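Please read the structure below before turning to the comments.
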Amino acid sequence: MMQIFANRQSKSRALLGATAVAAVTLLSACSGQAATPEANSDGGLTTINVGVIPFAELAAYYIGVEQGIFEDEGLIVETTQVSGGAAIVTSLIAGDFDFAYSNYVSLLQAASKGLPISVVRENDRPGVQALYVLPESGISSPKDFEGKTIAVNSLSNIMELTSRAALDSAGVDMSKVSFVELPPPEMNAALEQGQIDAAWLVEPFVTLAKESLDVVIAAEVFEGRTDDLPVAGWATTPQFAAENAETVKAFVRAMDKASQIAHEDPAAVSAIIPSYTAISPEIAAKMSPIAFAPVSDLGKLDILQDLMIEFDYYKDPIDLDDLVWSSGD
């Protein structure tokens, strides 16, 4: 089984390496990318391609789709689900998506390689995410993670970074902690079968794991140095934003309205989640509240960047003012 995990790690490292090697090619390709949405809008609704991950945190987006909020802003959205942050960012840069949801670590890491990224809106903030273990795991304090394996949805993303920051702050020797990449829907089964020792869980998988495995939190990942750290949001490419400014504004307005609904109406959130995940309405109704961002605030990305540099995600700081899109209004 550890050989399988090693292969997963190798594949993920290969993907990150391929992304870096392809930077020049992608930058060249993007320079010739057509501004399809506004160029083909014909004065009617504009179709946009949106990449997402099937997390409960996407409820606001799906509320926007179901309630016609995007159409009210002149947009028709075509949605594609992707399993992880690194893959979705690569697809965004390649032009497969006009907008994509991703954790900020993956976005900043891509930007640090010179890849064209523009963050347009915040989506969600820290909530019930944590390192979860089985009650009989023997892990009851951060030091117990030495010699253990933690599952994250993508290597070198926000799950791994916050784990490293939290455990390192508690005096854990991080050279003795292993990370493996697993799709979130597979993490609970891997815990149950003893293939991993802990999992960085998000909703709806937290509630599922509590229901079926009685998991407990072994370490918080959003406290101390990582308290209220920016988690994930929406991005496009700078070229798309420049050539389709009104489309970007419309997308942000739609997410503003949808996020406000998700923030104020938990019933709407629990009702929408079964429509894009395999979660039953009964489980969705039991889920912990999600920290949606009714107002987009990207002011703490500098703290995130400092942590990424400290843990060798990249060396030279990037200009965060250039990374964050501005409507110019």
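The values are calculated or read from the model by the stated rules, or taken from the named source; none is laboratory data. No experiment lies behind these values; they were computed from the predicted model shown. Cβ placement follows ideal geometry from the backbone for every residue including glycine, while neighbour counts extend to all protein chains displayed.
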*Positions within segment 173-185 being surrounded by fewer than 22 Cβ atoms within 10 Å (Cβ to Cβ), in a helix (DSSP H, G or I) and in contact (Cβ under 8 Å) with a residue 12 or more places away in the chain, in sequence order*: K176, P185
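Of all residues in segment 48-92, which are part of a helix (DSSP H, G or I), of a type in the set (V, I, T) and modelled with pLDDT of 95 or more?
To start, the set of residues in segment 48-92 that are part of a helix (DSSP H, G or I) comprises 56-66, 69-72, 85-92.
Keeping just the survivors that are of a type in the set (V, I, T) gives 63, 65, 69, 88-90.
Matches in segment 48-92: I63, V65, I69.
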*Just give me the residues in segment 278-302 being within 17 Å of the chain's Cα centre (by Cα) and of a type in the set (V, I, T), in sequence order.*
I290
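Any idea which of L167, L155, L134 is under 30 Å from F251 (Cβ atoms), in the same structural domain as D197 (by TED's automatic domain parsing), among the aliphatic types (A, V, I, L, M) and touching a residue at least 24 places away in the same chain (Cβ under 8 Å)?
Working: L167 fails: under 30 Å from F251 (Cβ atoms); L134 fails: under 30 Å from F251 (Cβ atoms).
Exactly one of L167, L155, L134 is under 30 Å from F251 (Cβ atoms), in the same structural domain as D197 (by TED's automatic domain parsing), among the aliphatic types (A, V, I, L, M) and touching a residue at least 24 places away in the same chain (Cβ under 8 Å), namely L155.
Scan segment 54-86 for residues that are under 15 Å from the mean Cα position of the chain (by Cα) and either more than 21 Å from P116 (Cα to Cα) or surrounded by fewer than 20 Cβ atoms within 10 Å (Cβ to Cβ) (or both) and jot them down.
Start the filter on segment 54-86 by keeping residues that are under 15 Å from the mean Cα position of the chain (by Cα), which leaves 54-61, 80-86.
P54, F55, A56, E57, L58, A59, A60, Y61, T80, Q81, S83, listed by residue number.
Results for (1) aromatic (F, W, Y); (2) part of a loop (DSSP other than H, G, I, E, B); (3) surrounded by 21 or more Cβ atoms within 10 Å (Cβ to Cβ), shown as yes or no for each residue.
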{"site": "R121", "(1), (2), (3)": "no, no, yes"}
{"site": "S156", "(1), (2), (3)": "no, yes, yes"}
{"site": "T162", "(1), (2), (3)": "no, no, yes"}
{"site": "G171", "(1), (2), (3)": "no, yes, no"}
{"site": "M187", "(1), (2), (3)": "no, no, yes"}
{"site": "L191", "(1), (2), (3)": "no, no, yes"}
{"site": "Q195", "(1), (2), (3)": "no, yes, no"}
{"site": "V206", "(1), (2), (3)": "no, no, yes"}
{"site": "A219", "(1), (2), (3)": "no, no, yes"}
*For E243, indicate whether it is of a type in the set (D, E, K, R) and either within 16 Å of the chain's Cα centre (by Cα) or in the same structural domain as A87 (by TED's automatic domain parsing) (or both).*
yes
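Does E146 satisfy the criteria of being modelled with pLDDT of 95 or more, under 30 Å from A245 (Cα atoms) and among the charged types (D, E, K, R)? It would help to see each step written out before you state the result.
On the way: modelled with pLDDT of 95 or more: yes; under 30 Å from A245 (Cα atoms): no; among the charged types (D, E, K, R): yes.
It is false that E146 is modelled with pLDDT of 95 or more, under 30 Å from A245 (Cα atoms) and among the charged types (D, E, K, R).
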_List the residue pairs whose Cβ atoms are under 8 Å apart, where the first residue sits in segment 88-109 and is in the same structural domain as G51 (by TED's automatic domain parsing) and without any contact (Cβ under 8 Å) to a residue 12 or more places away in the chain, the second is surrounded by 24 or more Cβ atoms within 10 Å (Cβ to Cβ) and acidic (D, E), and the two are 6 or more positions apart or on different chains._
none
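Only one of V269, V248, V252 is aliphatic (A, V, I, L, M), touching a Lys or Arg at 6+ places or on another chain (Cβ under 7 Å), in the same structural domain as A59 (by TED's automatic domain parsing) and in contact (Cβ under 8 Å) with a residue 40 or more places away in the chain; which? So that I can check it myself, show each step before the final result.
Working: V269 fails: touching a Lys or Arg at 6+ places or on another chain (Cβ under 7 Å); V248 fails: touching a Lys or Arg at 6+ places or on another chain (Cβ under 7 Å).
It is V252.
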*Being farther than 16 Å from N153 by Cβ and free of Cβ contacts under 8 Å to residues at least 40 places away in the same chain is the filter here, so list the residues in segment 192-209 that pass it.*
Q193, G194
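For segment 92-132, name all the residues that are of a type in the set (S, T, Y) and closer than 17 Å to N153 by Cα. Before the answer, list the steps.
Initial filter on segment 92-132 (of a type in the set (S, T, Y)): 101-102, 104, 106, 112, 118, 132.
Of everything in segment 92-132, those that are of a type in the set (S, T, Y) and closer than 17 Å to N153 by Cα turn out to be Y101, S102, Y104, S106, Y132.
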